[in-house]
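The values are calculated or read from the model by the stated rules, or taken from the named source; none is laboratory data. Predicted model only: the values in this text are computed from it and were never measured. All Cβ positions, glycine included, derive from the backbone under ideal geometry; neighbour counts span all protein chains shown. With ligands, DNA and RNA removed, areas are computed over all heavy atoms of the protein, side chains included. Shrake-Rupley method; radii C 1.70, N 1.55, O 1.52, S 1.80 Å.
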Amino acid sequence: MASELRELNDATFDEHLVATDVPVLVDFWAEWCGPCKKLQPVLEEIAREQTGKIEVTKVNVDDSLEIARRYEVLSIPTLILFKDGNPAVRIVGAKGKARLVEDLAPYL
Amino acid sequence: METRDVVILGSGPAGLTAAVYTARADLRPLVIEGEPSSTSDQPGGQLMLTTEVENFPGFPDGVQGPELMEAIRGQAKRFGADLVTTRATRVDLASWPFRVWTAQGGDAEPAVETKALIVATGAQSLMLGLPNEGRLLGYGVSTCATCDGFFFRDQDIAVVGGGDSAVEEALFLTKFARTVTIIHRRDALRASKIMQDRAFANDRVKMRWNAVVEDVIGDNKVTGVRVRDTTDGSEEVLPVTGLFVAIGHEPNSSLFTGQLDLDAAGYIQTAGSSATNVAGVFACGDVQDHVYRQAITAAGSGCMAAIDVERWLDHRAHAG
């Protein structure tokens, strides 16, 4: 699925989190997940509106199962917001933009 | 505020077919398609949670549910339908033109006024309502087998339910899981014969008859499911790491309570066609159908609603 969001994988994940100053939102997704596809444009919109405050990235669980396992992702989409490399909040399931922004706001 | 000829609430097969037809009739429909979720209450509706759809005419080799919905959506857009990814939060059907508020537009002012309204809000998958079900949702409890089955490779898991969707989910999950136990409260499935035959022929599918789920067990993720036998009342814990809930649906009609006639189960009542008790308001798809509930019947009823709207607007225009 073409996306303007940065795709992280098992090899680049840790390094990228360390190198990024702003909180990093990771969207665990896969090509075969209908709700994940509907969530993507919402995440792209949030990324555009919150430039400089948050970086929105994606991890394809099909390709990067190791990262998904490490954070015990058992359902997609799952969003995890990392601050200073550590998970700060976890959102399970697709949601509308207003609800996501509300869920993320306290951590930004 | 903008006044439309027709606004369509919902974007499953019913809503989008209504959009195709009203767009081709030059009514420039606005589709309020819903917002993302991981249940069937989302843009595209229940088919977004399915994989292979084998019974939609025109696809001899089957079609993926999300692909089918993307195709119908594209068809509606091609003829000029406008789609917004938000959900309706309130409607006022007491005065005309009807008014619709959305999550995007906020509570203060209605987002749009419309001469005719097509309600195609579909149905929402039911949850069991167990003490620990919500807490463990996403940690082994799932409402979406197609999304989450992947994470249960070589594990023992359970599906609760006895209808077509429960058996379809169970069969899908055998691609990943070591065993899939179907927990059903009766001693026979409600599912269609072809699905039952497939389930009984699959050696990864196990049946736990006459059992109701009492709770889901687990601290941070599911480690078991407590069931009670309905014949002798005994309880046991099934050691499963996943629980997929497929016990049926309820209509998404709460927005219309007190404004449209609903039956005892909450389905919008339609008479003979897609007409509701409010002139100018039409309903189609699973929000008004507790009998057929198929993608093709939803699409067909969406077409009916579109034609009913066209005639109603025409009649009203000529009546002055």
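By per-residue mean of other Cβ atoms within 10 Å, what is the highest-first order of B:19-28, B:126-135?
For the peptides B:19-28, B:126-135, the packing ranking is B:19-28, B:126-135.
What relative contact order, as a whole-number percentage, does chain B give when Cα pairs under 8 Å and 6 or more residues apart are counted? Numbers along the way, then the final one.
Working: 763 pairs, mean separation 64.2, N = 320.
Value for chain B: 20 percent.
Express in % the proportion of alpha carbon pairs of the stretch B:37-109 at distances exceeding 14 Å. Show your work: numbers first, answer last.
On the way: 1869 of 2628 pairs.
In whole percent, the long-distance tail amounts to 71.
Counting alpha carbon pairs within less than 8 Å and at least 6 residues apart, what relative contact order, in whole percent, applies to the stretch A:67-108?
Averaging sequence separation for qualifying contacts and normalising by length gives 31 percent for the stretch A:67-108.
What residues have an amide H closer than 5 Å to that of residue B:86, excluding those fewer than 5 places away on the same chain, when H is modeled at 1.01 Å from N in the peptide plane?
Answer set, sorted by chain and number: B:33, B:34.
Report, in debye and to the nearest 20, how large the dipole of the protein assembly as shown comes out about its Cα centre when Lys and Arg carry +1 and Asp and Glu carry -1 on their Cβ. Can you show the working numbers first?
Values: 41 positive and 60 negative charges, 113 e Å.
That gives a dipole near 540 debye.
Evaluate peptide B:138-150: per residue, the Cβ atoms of other protein chains within 10 Å of its Cβ; return the mean as an integer. Intermediate results must be reported in sequence, preceding the final value.
Working: counts 11, 7, 3, 3, 4, 3, 9, 0, 5, 13, 6, 1, 10.
Other-chain Cβ atoms within 10 Å of each residue's Cβ, averaged: 6.
Give the average, rounded to an integer, of partner chain Cβ atoms located within 10 angstrom of each Cβ in A:90-102. All intermediate terms of the calculation are to be shown ahead of the outcome.
Working: counts 2, 1, 6, 11, 10, 5, 11, 6, 6, 4, 2, 0, 0.
Taking the mean over all residues of the peptide, I get 5.
Which angle from 0 to 90°, rounded to the nearest 10, does the C-alpha axis of helix B:164-173 make with the longest principal axis of chain B?
The helix B:164-173 is inclined about 60 degrees to chain B.
From the residues B:267, B:79, B:304, which one has its Cα farthest along the dipole of the protein assembly as shown in the positive direction, the dipole being from +1 and -1 charges on Cβ of Lys/Arg and Asp/Glu about the Cα centre?
Farthest along the dipole direction, towards plus: B:304.
Can you tell me which of B:222-235, A:25-38 comes out highest on packing, and rank the rest after it, using the mean Cβ neighbours within 10 Å?
On the way: B:222-235: 15.2, A:25-38: 23.4.
Answer by packing, highest mean first, reads A:25-38, B:222-235.
Under unit Cβ charges (Lys, Arg +1; Asp, Glu -1), what dipole magnitude, rounded to 20 debye, does the stretch A:6-103 have relative to its Cα centre? Before the final figure, lay out each step's value.
Numbers: 13 positive and 18 negative charges, 91 e Å.
Dipole magnitude for the stretch A:6-103 comes out near 440 debye.
Show me the ranking of peptides B:64-76, B:40-52 by mean Cβ neighbours inside 10 Å, starting with the highest. Can you show the working numbers first?
Working: B:64-76: 19.2, B:40-52: 24.8.
In descending order of packing, they fall as B:40-52, B:64-76.
In debye to the nearest 20, how big a dipole does chain B give about its Cα centre with +1 on each Lys and Arg Cβ and -1 on each Asp and Glu Cβ? Don't jump to the answer; show the numbers that get you there.
Numbers: 28 positive and 41 negative charges, 59 e Å.
That gives chain B a dipole magnitude of about 280 debye.
Using alpha carbons only, what's the Rg to Rh ratio of the stretch A:6-103 with Rh from Kirkwood? Can you show the working numbers first?
On the way: Rg = 12.3 Å, Rh = 13.3 Å.
Rounded to two decimals, Rg/Rh equals 0.92.
If contacts are Cα pairs under 8 angstrom and at least 6 residues apart, what is the relative contact order of the stretch A:6-103 in percent?
Values: 150 pairs, mean separation 37.1, N = 98.
About 38 percent, as a whole number.
Could you name the lysines in cross-link range of residue A:53, using Cα to Cα under 16 Å and dropping any fewer than eight places away on the same chain?
The qualifying lysines are A:83.
Considering the dipole of chain B built from charges on the beta carbon (Lys and Arg +1, Asp and Glu -1) around the Cα centre, which of B:46, B:16, B:162 is farthest to its positive end?
B:16
Quick one: what Rg and Dmax do you get for the stretch B:141-245 from the alpha carbons, in Å?
Every Cα atom of the stretch B:141-245 included, Rg and Dmax give 12.7, 39 Å.
Over all distinct alpha-carbon pairs, what is the Kirkwood Rh of the stretch B:1-61 in angstrom? Please report the intermediate quantities before stating the final value.
Working: mean 1/r = 0.0771 Å⁻¹.
Over the stretch B:1-61, the inverse of the mean reciprocal pair distance is 13.0 Å.
Which cross-chain or sequence-distant (5 or more) residues have an amide H under 5 Å from the amide H of residue B:159, H modelled 1.01 Å from N in plane?
B:181, B:182, B:183, B:244
List, largest first, the extents of the alpha carbons of the stretch B:161-320 along their principal axes, each in whole Å.
Projected onto the principal axes, the Cα atoms of the stretch B:161-320 cover 68, 33, 32 Å.
Computed over the Cα atoms of the protein assembly as shown, what is the convex hull's projected area averaged over all directions, in nm²? Walk me through the numbers before you get to the answer.
Details: hull surface 88.9 nm².
Directional mean of the projected Cα hull area for the protein assembly as shown stands at 22.2 nm².
Under a Cβ-Cβ limit of 4.7 Å, which cysteines in chain B have nobody to pair with?
B:284, B:303
I'd like the accessible area for residue A:55, computed on protein heavy atoms only with a 1.4 Å probe and all protein chains in place. Round to 10 Å², please.
It works out to around 40 Å².
Mind jotting down a quarter of the surface of the convex hull over the alpha carbons of the stretch B:67-132, in square nanometres, one decimal?
Numbers: hull surface 30.0 nm².
Directional mean of the projected Cα hull area for the stretch B:67-132 stands at 7.5 nm².
Work out the mean other chain Cβ neighbour count within 10 Å for the residues of B:45-53 and drop it here as an integer.
On the way: counts 1, 1, 1, 7, 3, 1, 2, 0, 0.
Other-chain Cβ atoms within 10 Å of each residue's Cβ, averaged: 2.
Placing one identical point scatterer on every Cα of chain B and ignoring solvent, what is log10 I(q)/I(0) from the Debye formula at q = 0.08, 0.13, 0.15, 0.16 Å⁻¹?
Values, matching the q order: -0.40, -0.94, -1.13, -1.23.
Just list whichever of A:38/A:95; A:38/B:175; A:97/B:115 have alpha carbons separated by over 18 Å in the model shown. Write out the running numbers ahead of the final one.
On the way: A:38/A:95 9 Å; A:38/B:175 25 Å; A:97/B:115 29 Å.
Over 18 Å Cα-Cα: A:38/B:175; A:97/B:115.
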